[in-house]
Amino acid sequence: LGAMGACLWFLYDGAVGYPKKAEIWKAFEELDEETRGEEWPKIAEEHGWPELAPNEHDYNKSPEDIFFQFLMAVPAGLASLWFFLLVVLARGSWIEANDAGVTSSWGKGFKWDHVTRLDKKKWRSKGIARVYSEGEGGKKTFVIDDFKFKREPTGQILRALEDRIPREMIVNGPSEAEVEASASVESAADQGAKS
C-alpha cells in the first residue's frame, strides 16, 4: 500500500501539483520586482492561488522536476504491482498433507519417503521451510510458507513431515518437537521458580 501511495503521489505531483506550482512561479516572476508585493495578492485572488508570495524553492519547478516525478512513479508502481500480484496469485492456493505426502493447488508436491532434507533456516523468522526431495521426477524443492497459507495447518504439515523423517534430515533449525520440549522445560522451570 505504501508503494501504491507513493506512486499515486508522484503521478499527482507530475501531472497536477508541479505544473500548477510552475505556473504560479512563472506568473510571479513576470511581475515587476518593485511592485510584486502590491500586485501579487490581486493576481493570486483572480486565479485562486495562495496570497502569500511563492518562494523559489517550493514553486520554481522545471520540466526536469516534473519529468522526475513521473520517473519516480515507475519503480513505486512496479513495486506495488509486484506485491499486488503476489497477493492475487496466492489467493486460493493451498497445500494439503495426505498418506502419501504433500500436494498443492498448483500441482507440485512431494512424497514423504522421497524427502532428503528439510531446511528450516528461515522458519523461525519468516515461516519459510524448504523441503528437498528426490524421486521419479528427479530432484525437487518445495517451499512451505506460512504467509501464503494458513499458519496453523501449515505448521501441522511441517510437524507431520518432521515426524516421518529422521532428525538428521532437519537442518538449520530445531524440529518442532524440540521447540515444544524446550518450551515445556522453560515453563516447568518458571513454575518451580514461582513456588
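A few comments on the model shown:
- For the stretch 42-91, the set of residues classified as of a type in the set (Lys, Arg) and assigned to a helix (DSSP H, G or I) consists of Lys42 only.
- Residue match in the stretch 29-40 (condition: exposed (fewer than 13 other Cβ atoms within 10 Å of the Cβ), out of contact with any helix residue (DSSP H, G or I) (no Cβ under 7 Å at 6 or more places or on another chain) and within 30 Å of Arg130 (Cα to Cα)): no
- Residue match in the stretch 126-147 (condition: assigned to a helix (DSSP H, G or I) and either more than 23 Å from the chain's Cα centre (by Cα) or under 17 Å from Val171 (Cα atoms) (or both)): yes
- Yes/no for Ala22 being surrounded by 11 or more Cβ atoms within 10 Å (Cβ to Cβ), within 24 Å of Phe84 (Cα to Cα) and in contact with a Ser or Thr (Cβ under 9 Å, 6 or more places away or on another chain): no
- Test set (1) surrounded by fewer than 17 Cβ atoms within 10 Å (Cβ to Cβ); (2) part of a helix (DSSP H, G or I); (3) modelled with pLDDT of 90 or more - Cys7 fails condition number: (1)
- Any hit, the stretch 76-95, residues being of a type in the set (Gly, Ala, Ser), assigned by TED's automatic domain parsing to the domain that holds Arg167 and either in contact with a Leu (Cβ under 7 Å, 6 or more places away or on another chain) or surrounded by 17 or more Cβ atoms within 10 Å (Cβ to Cβ) (or both): no
- Only one entry of Gly17, Gly107 meets the criterion of being of a type in the set (Gly, Ala, Ser), surrounded by 13 or more Cβ atoms within 10 Å (Cβ to Cβ) and either free of Cβ contacts under 8 Å to residues at least 24 places away in the same chain or over 30 Å from Arg151 (Cα atoms) (or both), and that entry is Gly17.
- Taken over the stretch 87-104, the residue count meeting the criterion of being polar (S, T, N, Q) and closer than 11 Å to Phe149 by Cα is 2.
The values are calculated or read from the model by the stated rules, or taken from the named source; none is laboratory data. What you see is a predicted model; the values in this text were computed from it and never measured. When we count neighbours, we look across all protein chains shown, and the Cβ atoms used for this are built from the backbone with ideal geometry, even at glycine.
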